[in-house]
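Take a look at the structure below.
The values are calculated or read from the model by the stated rules, or taken from the named source; none is laboratory data. Fair warning: this is a prediction, and the values are worked out from it, not measured in the lab. Cβ: placed from backbone, ideal geometry, glycine included. Neighbour counts: every protein chain shown. We work out accessible area using only protein heavy atoms, side chains counted, and drop any ligands, DNA or RNA first. Shrake-Rupley method; radii C 1.70, N 1.55, O 1.52, S 1.80 Å.
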Amino acid sequence: MPQTSAHPDDPHYITRSGWLRAAVLGANDGIVSVSSLIVGVAAADANPATILVAGIAGISAGAMSMAAGEYVSVSSQADTERADIAREREALDTQPKAELAELAAIYRGRGLSEGTALQVARELTAHDALDAHVRDELGLSEALSANPLQAAFASGVTFSLAAAIPLLAAWAAPAGQVIPVVLVVTVITLAILGALGAKAGAAPVLRASLRVVVWGLFAMAVTAGIGSLFGVSV
């Protein structure tokens with residue numbers, strides 16, 4: 001039977017956490033890494049063609065790297081989840097009484113009386129024992145389960161779209177003004193990214209924007225510092 005919501009006009013946003021995390025990570029990395037690359041190349045060689053080639057190469061390599069990294073990482077998480085579920089299924093087959101007691105103990109720990117906890121555990125076990133243990137013992141649910149393809153797609157696409165912004169800024173910048181233009185555009189874009197991510201997840205906008213801008217600028221500063229320290233563009 002489909003579940004109904006007590007507040008259909010104000011839905012929960014936790015179901016978005018998987019793809020939203022990957023999308024924000026991809027977009028943030030796209031902006032910061034390609035902006036840093038463009039600034040480093042511009043400082044070493046002001047040739048516009050060189051800057052554009054470096055930016056395009058950075059987008060291509062970065063998008064593929066982000067997508068592959070997300071897929072491998074989330075696949076590892078999914079493998080772990082499947083292994084835990086398999087162990088839980090085996091335990092239910094071989095030790096049903098112990099698993100029932102374990103489930104009742106979980107509910108007692110959440111504040112139910114001993115009798116009520118045992119009754120709830122029995123009814124949920126009769127309905128779907130594996131689902132009850134996966135949800136309440138392992139803390140897994142369909143909304144939060146790992147989805148490698150979704151994470152890879154979200155990360156790769158948002159990386160490409162976000163990374164294109166500093167590249168377009170470099171292409172449109174007046175001669176000799178690539179670095180300041182890219183830096184200003186990057187800060188503005190990072191602030192917008194933080195706000196959009198917060199809106200998508202119904203989180204505080206200002207805090208999210210500041211977090212993305214501060215850490216993005218920190219990453220760029222470290223990159224610039226390394227390049228200055230070794231006398232090369234990074």
For ARG110 and LEU206, what is the calculated FRET efficiency with R₀ set at 35 Å and r taken between the beta-carbons, to the nearest 0.05? 0.50
As an exercise, use a Förster radius of 25 Å and the Cβ-Cβ distance of TRP171 and VAL222 to find the FRET efficiency, rounded to the nearest 0.05. 0.45
What accessible area, in Å² to the nearest ten, does a 1.4 Å probe give for VAL178? 20
Subtracting the Cα-Cα distance from 0.36 nm times the residue separation, let me have the gained length for ASP84 to ARG122 in nm, one decimal. 11.5 nm
Explain nothing, just compute: Karplus ³J(HN,Hα) = 6.51 cos²θ - 1.76 cosθ + 1.60, θ = phi - 60°, for every residue of segment 60-68 in order, whole Hz, x for Gly and Pro. 4, 5, x, 4, 5, 5, 5, 5, 5
How much accessible surface does SER209 have with a 1.4 Å probe, in Å² rounded to 10? 20
Counting only protein heavy atoms and leaving out ligands, DNA and RNA, the solvent-accessible surface of VAL214 at a 1.4 Å probe, in Å² to the nearest 10, equals 90
Pick out, in residue order, every one of the trypsin sites (Lys or Arg not before Pro) in segment 90-138 that is DSSP loop and has at most 13 other C-beta atoms within 10 Å; say none if there are none. ARG110
